[in-house]
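Written below as structure tokens is the structure these notes are about.
What follows is calculated from the coordinates using simple rules that are stated; it is not laboratory data. Not measured: the values here are computed from a predicted model. No Cβ is skipped: glycine too gets one built from the backbone with ideal geometry, and neighbour counts run over all protein chains shown.
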Amino acid sequence: MTAFAHHFSFEFRIGIRNRQTLFLMYMFPLIFYLFMGFLMAEINPFFGEGLVPAMIIFAILAATLLGMPDSLVSARENGIYRSYKINGVPSGSIIAVPALTTMLHTAVVSLIIIVTAPVLFDAAMPNDWINFAAVFVAVAFASAGLGVLVGVIAPNSRSTVFLSQLVFLPSMLLAGLMLPISILPEAFLSISKMLPATHGMNAFNGLAMGVAADFDPWGSVAVLLAGGLFSFGLSSYLFSWDSQNSTRRGHPILAILALVPYLAGILLI
Amino acid sequence: MTDPIIQVRDFRKTYGDFIAVNGISFAVDQGEIFGLLGPNGAGKTSTLESLEGLREPNGGELRISEVDPTREPRKLRNLIGVQLQTSGLPESITVNEAMEFFCAYHAVPANYELLDRLGLSEKRKTQYHQLSTGQQRRLALALAIAHEPSVLIMDEPTAGLDVATRVELHAIMREQQAKGTTIVLATHDMAEAEEMADRIAILLKGQIVATGTPLEITATGAGLTKVSVRTQESSLFNDGAEFPAVTSSSSKEAYRIFFTTDIGPTVAAIIEYAESQNDALIDLRVERPSLEDRFLEITTEGGAA
């Protein structure tokens, strides 16, 4: 087994052993899914049509934005990266492995949702599974990129929560997970296009669920992939091994450049 | 004679306006245990972290086996093993996983025998946070030496450990030294430094203020030897009980304590005096100055300067 495979393997197991990450990656999204399934089915009979993509996006956001960044910051603060550096673990692995394992955890949760949603809530299933998988990867990639970037630039756990909520809360309200974005006022529509969840929901609807997209779904996939690339690139550039060591290649404010693909999305699609 | 395995020349490290290390130089030979001593803030950690490639020097030159730690981190990683003071491991990682992970990045097979040797065979599936402090230190040492590095850097390796674990770790350090491993040991424990180190450098305010073997360092101080004597009739407490080469005296319980620059004449005169007073010796102890005494002398002088 290669060093990267060892790293991936133990990081994945740690995600299950650690109570906080287990809760944020599995329990929280699944409890929310059950709650929303039972509650919203009573209020809105059409909610089942978008339940699967909405809850999968919620699971991705919970894992990548609420679960992952804090563990990255804690590892840096506790000197784990220093020890990794001394032992030759490259910074690329430190960034890529948590992102990949989190994506795998969300894939497991997504599978649980896909299997149970039609039985429990008579939820609509995708009509194009390949596109569904492709959009899942694009959303998870973009969201994991933002999660890693938050973990890299946040100076401490408190800042991590603040920065993560800057994306997570608007996603809950404006990304079309609970209500269609078509009912949003024009100004809010532009804001919602700054969120990966909006593009994810749009792409799932237009490319995999057989529902009319609000705007070009392939454009959304392109924005998500570009957003992920920008976020991971910036994470790699701004990465620091050590909380006490002030040497960093760029100012953390540069992280705002991760929004460039989403701004382009507002203008172009 | 071979070249030193570690070369530090005019090394300087600053943090903003604060000078942590101010142009120190030393060399460590292969197979040597080199102690780095100093009070908090003396520059020990900055020196060690720069040797480990964690910090970039602001001046001077550092080399380990001719490798520049800052510019050649890939070459450095298999040359050195580091036992950090803090954990450096995720809380939920098991002992086996930690061994497999670090060995994989050093491209060597996992050394499970080392875990057994260090008394961790029963704990191989235990998570890091469930280990005792002693077990965590032993695991840190196992991970530091699993890839058989030429240089082992240890930062306070026995701080907070019980006596038995401390003795065990010292035995392992001796084993590593016997295999030819060079050890750089930063410690606050003077007894440990005196027992383990072949040579010592004492750092104070970013500069080396003393260097040499523990014996050489203790010999260069005021060199006062402590003579504690107890007699049956306590005649040494009499007025007029004065002896050659004694610079000061005190008493503790039934003992009279003399500090002397020349032990032979002092002890001979004490015995002669006791006999002249029809007194008999019950106990006589001679203690040469310890490294701790000398360290305190140096750091007090330096601190006052």
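Quick look at the values:
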item: Distance histogram in 5 Å bins (all Cα pairs of the stretch B:39-183, percent per bin); result: 2, 9, 18, 21, 21, 15, 9, 4, 1, 0
item: Computed helical MRE - 222 nm, chain A, DSSP H runs ≥ 4 contributing -39500 (n - 2.57), nearest 500; result: -22500 deg cm²/dmol
item: Inter-part distance where the stretch B:205-267 and the stretch A:139-210 are each reduced to a Cα centre, Å; result: 76 Å
item: Unit charges on C-beta of K, R, D, E only; dipole of the protein assembly as shown, Debye; result: 1580 debye
item: Separation of alpha-carbon centers, the stretch B:169-198 and the stretch A:23-78, rounded to whole Å; result: 52 Å
item: Residue among B:Ala210, B:Ala178, B:Val167 farthest towards the positive dipole end of the stretch B:167-218, charges placed on Cβ; result: B:Ala210
item: Top of B:Gly240, B:Gly59, B:Gly88 by mean-square fluctuation, Gaussian network on chain B, Cα under 10 Å; result: B:Gly240
item: Where Cα atoms sit under 27 Å apart: lysine pairs in the protein assembly as shown separated by 8 or more or lying on different chains; result: 15
item: Within 10 Å of each Cβ in A:36-47, the average number of Cβ atoms from other chains; result: 0
item: DSSP bridge orientation in chain B - percent antiparallel, rounded to nearest 5; result: 70 percent
item: Computed over the protein assembly as shown, Kirkwood Rh from alpha-carbon pairs, angstrom; result: 27.9 Å
item: Whole-number percent relative contact order across chain A, with pairs defined as alpha carbons under 8 Å at least 6 apart; result: 23 percent
item: For chain B: relative contact order, % (alpha-carbon pairs under 8 angstrom, 6 or more apart); result: 19 percent
item: Chain B: calculated mean residue ellipticity at 222 nm from DSSP helix runs of at least 4, using -39500 (n - 2.57); result: -10000 deg cm²/dmol
item: Within-14-Å neighbourhood charge of B:Ile263 [Cβ basis; K, R +1; D, E -1]; result: +1
item: Förster radius 45 Å - calculated FRET efficiency between B:Glu56 and A:Leu104, Cβ distance, rounded to 0.05; result: 0.80
item: Inter-chain shielding of A:85-95 (mean C-beta neighbours from other protein chains, 10 Å cut-off); result: 5
